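The values are calculated or read from the model by the stated rules, or taken from the named source; none is laboratory data. Computed from a prediction, not measured in an experiment: that's the story for all the values here. As a convention, Cβ positions derive from the backbone with ideal geometry for all residues, glycine included, and neighbour counts pool all protein chains shown.
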Amino acid sequence: MEKDGKVPLILEGGGMRAGFVAGVLMALLDNNITHFGETLAVSASVPTLAYFLTGQRKEMEAVWHNELCTPKLVCYRNIPAASLAFSPKRPVLNIDYLIYDVFKKVSP
């Protein structure tokens, strides 16, 4: 706990693990638990934290349900190749879609 008594909020990242983080943040918003001493997020949890901090619960849910659970983001064909060796030519996640289409156009 911080010296001032405020609890920090620290979020893990790492691809789809941020889906769990999104669910937790939506539950916190639903229960009006929004005041933390400091907040820190890494990787895929950073934009999700931005939705949380701005109170955009509906937008956060829409992104996770409608945009991130589609073949536009996850290329299931590349999962077997990715498990054998990392190849930038055959990525599992389409990060360009996530950044330029989802976060920039669909739900900024």
Fill in: The listed residue being in contact (Cβ under 8 Å) with a residue 24 or more places away in the chain, surrounded by 14 or more Cβ atoms within 10 Å (Cβ to Cβ) and in contact with a Gly (Cβ under 7 Å, 6 or more places away or on another chain), out of A22, A44
A44
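Name the single residue, out of those in the range 19-73 being among the charged types (D, E, K, R) and part of a loop (DSSP other than H, G, I, E, B), that is modelled with the lowest pLDDT.
So the first thing to find is which residues in the range 19-73 are among the charged types (D, E, K, R), and the list is 30, 38, 57-59, 61, 67, 72.
Okay, now just the ones that are also part of a loop (DSSP other than H, G, I, E, B), so 38, 72.
Values: E38: 94, K72: 80.
Checking each candidate, the answer is K72.
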